[in-house]
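Worksheet for the structure shown next.
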Amino acid sequence: VQLQASGGGLAQAGESLRLSCAPSISFFNIPIMNWYRQAPGKQRELVAEVTSSENKGYAAAVKGRFTISRDNAKNTVYLDMDSLKPEDTGVYYCNAIIRGVYYWGQGTQVTVSS
């Protein structure tokens, strides 16, 4: 399974960015899709998750600002990031969990300046 992530880039605090992730297999074969991020010098952390039944979860640090969604027609998962903060800076990774196996995208850089 390959995950192609895109989006990200540079933003100022308070602005918005959108990340996209397209898996190489149908969504219907992927029970859970996640977005993780890794800030410099820190461990990778779970940011948001969405299940095939559209159940969603968010890290406390992003709840109310980030929205994860799945577009079944486009076979793409999105992470809409609003009210960005400098502490949101990091490399964002798309992730899929299938039968206990973790698949990762290549990562996309998000940099938020104050």
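The values are calculated or read from the model by the stated rules, or taken from the named source; none is laboratory data. Given the structure is predicted, the values throughout are model-derived calculations rather than measurements. Every residue, glycine among them, receives a Cβ derived from its backbone with ideal geometry; neighbour counts consider all protein chains shown. Quick note on the areas: whole protein, heavy atoms, side chains included, nothing else; ligands and nucleic acids left out. Shrake-Rupley method; radii C 1.70, N 1.55, O 1.52, S 1.80 Å.
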- Diffusion coefficient in µm²/s returned for the range 64-114 by Stokes-Einstein, Kirkwood Rh over C-alpha pairs, 25 °C and 0.890 mPa s, is 193 µm²/s
- Item | Magnitude of the charge dipole, the chain, Cβ model with Lys/Arg +1 and Asp/Glu -1, debye to 20 | 180 debye
- Task: Return the carbon/sulfur percentage of the accessible area of the chain, one whole number, probe 1.4 Å, all protein chains in place.
- Result: 48 percent
- Query: What does the highest-first list of 23-34, 97-108 look like by mean Cβ count within 10 Å?
  - Reply: 23-34, 97-108
- Kirkwood Rh, the chain, all Cα pairs: how many Å? 13.9 Å
